[in-house]
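Each remark here refers to the structure printed beneath this line.
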Amino acid sequence: MSRTEVVIPPDDQPPPEDDTAFFGQPKGLLTLSGLEVWERFSFLGMQAILVLYFADTVAHGGMGMSAGTAASVSAAYGTLVYLVSVAGGWLADRILGSYRAVLWGGILIACGHYAMAVPTGTMTWVGLGLISAGTGLLKPNVATMVGKLYRTDDERRDAGFALYYMAINIGAFAGPLITGWLGDHKGWHWGFSAAAIGMTFGLIQYVLGRGHLAGRKNAAEFALAPRAMRRTVRLIIAGTAVVALAATLLVLAGSLTMDRFVDLLTLISVIAPVVYFAVMFGSPRVTAEERGRLRPYIVLFLASTVFNFILFQAYSTMMLLASTNAETAILGFDFPASWYASALGAFEVGLAPVVAALWVRMGRRQPHASNKIAIGVVLGGLSFLLMTLPTSGHSGDDYLMSAWWIVGSYFLLGLGDILLETSGMSATTKLAPVAFSSQTMSLWFLSLALANGIQAQTVKLYDDVSKPAYFGVNGAIAVAAGLAVMAAAPWLRRTMHPVH
């Protein structure tokens, strides 16, 4: 049997197109969206207070880092999360299968958050390691399972991803509200405890709703032969133990400092996508037609990197700016600075169904995916350019801008995120070579790793340059990148078939 004649088992077939139980979408979308609500509740709830926890004084329960270092370490953690997603996609394709990869990923995430609830520095690093591993297993494979709910030519696909992304942002909205309040009023580790409980709820509903999912079978779609699988599992276990032991010894010897670890992750985040693209282009399992669709995907990958470089700073430099130079009151209501992160989620919750309905109404007249992505990148850049206005004309850090400036910036960022991520994930599932289905979604998440890796270096300048210069230069670069993608739109439309 040739590679293009793979028989898909019945429980991996997309549901029939008359399955419209969830707002006109397959019922399995409800299960996967419910999981993402709680996963993002825990992940972004923790992320909203992580940089503040790092920057807070030791006497107040924090880690005592400078603002620039706190933002850099937070970005390095994000880099690690998305680097591990490559292994997560490979494990799903070759060993675990999508369903079990997501299940074990969720268990690791929950354990990581419970570890961070313990008020010691050591358990903080253990918890972040577990969350990184678990998120790497869960994130790319949940998105892949969403793609499996639809046939390639199903026009509901983009709208389904928009609803899925709305669910993500329900968690993004609710998480910082709970963890932020607990962190501000009870202590940082109380906030981490809330994240742990949220992930536990997500796992429960995922297991209960597994019957509506395509791709829920135990075997991996492109499983290794039994002997090769046993050998690979042993190598993974031994390799993990060796790396953990070596890292521990280097730390104890003083050779592996935090700065060196951050630099190492940045280097890996640059090398990994280059190697991964080379492997996919050179693989004999990738046809000439599939290889042709990977070329425009490089442009989408770079656009995602630029946009997410801006987006992830909503949880680092923007959060630091909000905590020191922005009012924390709207219409007489006082709130923790970490609640600004909820504004981003709120905008995406409100805007996602509007965007989904618009795409459904427009049908084949909707903008091409590359144009949606380009507009998203431009909006991300504008969100940073906007911040040059309230930060200009101040020589010190003794001023407070109106809360509406940051709210406005997050509005632009939220709209850009919906346009880019929903179209990008949908395009990824369409452009992915068959033999690299889950791993291509991992490649999309490598763009997030690269964005965080670059951010881990640039945020070090946050304390050293003026805020108008910092936000202005970064924003201008993003706008220019978005305009470049727009200029390449004619070529992208020709080469991205079957993406519309």
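The values are calculated or read from the model by the stated rules, or taken from the named source; none is laboratory data. All values reported here derive from a predicted model rather than from experimental measurement. Note: ideal-geometry Cβ built from the backbone for every residue, glycine included; neighbour counts use all protein chains shown. Please note that ligands, DNA and RNA were not included when accessible areas were found on the heavy atoms of the full protein model with its side chains. Shrake-Rupley method; radii C 1.70, N 1.55, O 1.52, S 1.80 Å.
Checked against (1) open to solvent by 10 Å² or more (accessible area, probe 1.4 Å); (2) closer than 30 Å to F335 by Cα, G183 meets all criteria but (1). Scanning region 265-283 for residues that are open to solvent by 80 Å² or more (accessible area, probe 1.4 Å) and within 16 Å of A456 (Cβ to Cβ) yields L267, I271. You will find that of T317, T305, T324, T328, the residue that is in contact with a Ser or Thr (Cβ under 6 Å, 6 or more places away or on another chain) and either modelled with pLDDT of 80 or more or farther than 28 Å from G45 by Cβ (or both) is T305 and no other.
Only a single criterion out of (1) in contact with a Pro (Cβ under 6 Å, 6 or more places away or on another chain); (2) assigned to a loop (DSSP other than H, G, I, E, B); (3) of a type outside the set (S, T, N, Q) is not satisfied by A341, namely (2).
Is at least one residue of region 327-334 open to solvent by less than 30 Å² (accessible area, probe 1.4 Å), more than 25 Å from the chain's Cα centre (by Cα) and of a type outside the set (A, V, I, L, M, F, W, C)? Within region 327-334 (the criterion being open to solvent by less than 30 Å² (accessible area, probe 1.4 Å), more than 25 Å from the chain's Cα centre (by Cα) and of a type outside the set (A, V, I, L, M, F, W, C)), the answer is no, since none of the residues qualifies. Of the numbered criteria (1) modelled with pLDDT under 80; (2) surrounded by fewer than 18 Cβ atoms within 10 Å (Cβ to Cβ), the one V286 fails is (2).
Scanning for something within 19 Å of L385 (Cα to Cα) and in contact with a helix residue (DSSP H, G or I) (Cβ under 7 Å, 6 or more places away or on another chain), does region 439-451 turn up at least one residue? Yes, some residue in region 439-451 is within 19 Å of L385 (Cα to Cα) and in contact with a helix residue (DSSP H, G or I) (Cβ under 7 Å, 6 or more places away or on another chain). Scanning region 464-483 for residues that are surrounded by fewer than 17 Cβ atoms within 10 Å (Cβ to Cβ) and either among the aromatic types (F, W, Y) or assigned to a loop (DSSP other than H, G, I, E, B) (or both) yields a count of 3. Evaluation of R210 against the conditions (1) modelled with pLDDT of 75 or more; (2) open to solvent by 50 Å² or more (accessible area, probe 1.4 Å); (3) of a type in the set (K, R) shows that the sole unmet condition is (1). Residues that are of a type in the set (A, V, I, L, M, F, W, C) and either within 14 Å of W444 (Cβ to Cβ) or free of Cβ contacts under 8 Å to residues at least 24 places away in the same chain (or both) within region 138-187 comprise V142, A143, V146, F161, L182, listed in sequence order. For the condition open to solvent by 10 Å² or more (accessible area, probe 1.4 Å), part of a helix (DSSP H, G or I) and within 24 Å of G198 (Cα to Cα), L138 does not qualify. Quick check on M280: is it in contact (Cβ under 8 Å) with a residue 12 or more places away in the chain, farther than 30 Å from R494 by Cβ and of a type in the set (A, V, I, L, M, F, W, C)? The answer is no for M280.
Condition check for L130 on (1) open to solvent by 10 Å² or more (accessible area, probe 1.4 Å); (2) out of contact with any Cys (no Cβ under 7 Å at 6 or more places or on another chain); (3) part of a helix (DSSP H, G or I): one failure, at (2). Checked against the criterion of being out of contact with any Pro (no Cβ under 9 Å at 6 or more places or on another chain), within 26 Å of L321 (Cβ to Cβ) and in contact (Cβ under 8 Å) with a residue 40 or more places away in the chain, the candidates V473, V459 yield just one match: V459. Pairing residues of region 305-324 that are touching a residue at least 60 places away in the same chain (Cβ under 8 Å) and closer than 21 Å to G482 by Cβ with residues that are open to solvent by less than 10 Å² (accessible area, probe 1.4 Å) and of a type in the set (D, E, K, R), at Cβ distances under 8 Å and at least 6 apart in sequence or on separate chains, gives F307/D417; L311/D417.
Please state which one of T135, T122, T152 is closer than 21 Å to K430 by Cβ, β-branched (V, I, T) and modelled with pLDDT under 90.
On the way: T135 fails: closer than 21 Å to K430 by Cβ; T122 fails: closer than 21 Å to K430 by Cβ.
Step by step, each of T135, T122, T152 is checked, and only T152 is closer than 21 Å to K430 by Cβ, β-branched (V, I, T) and modelled with pLDDT under 90.
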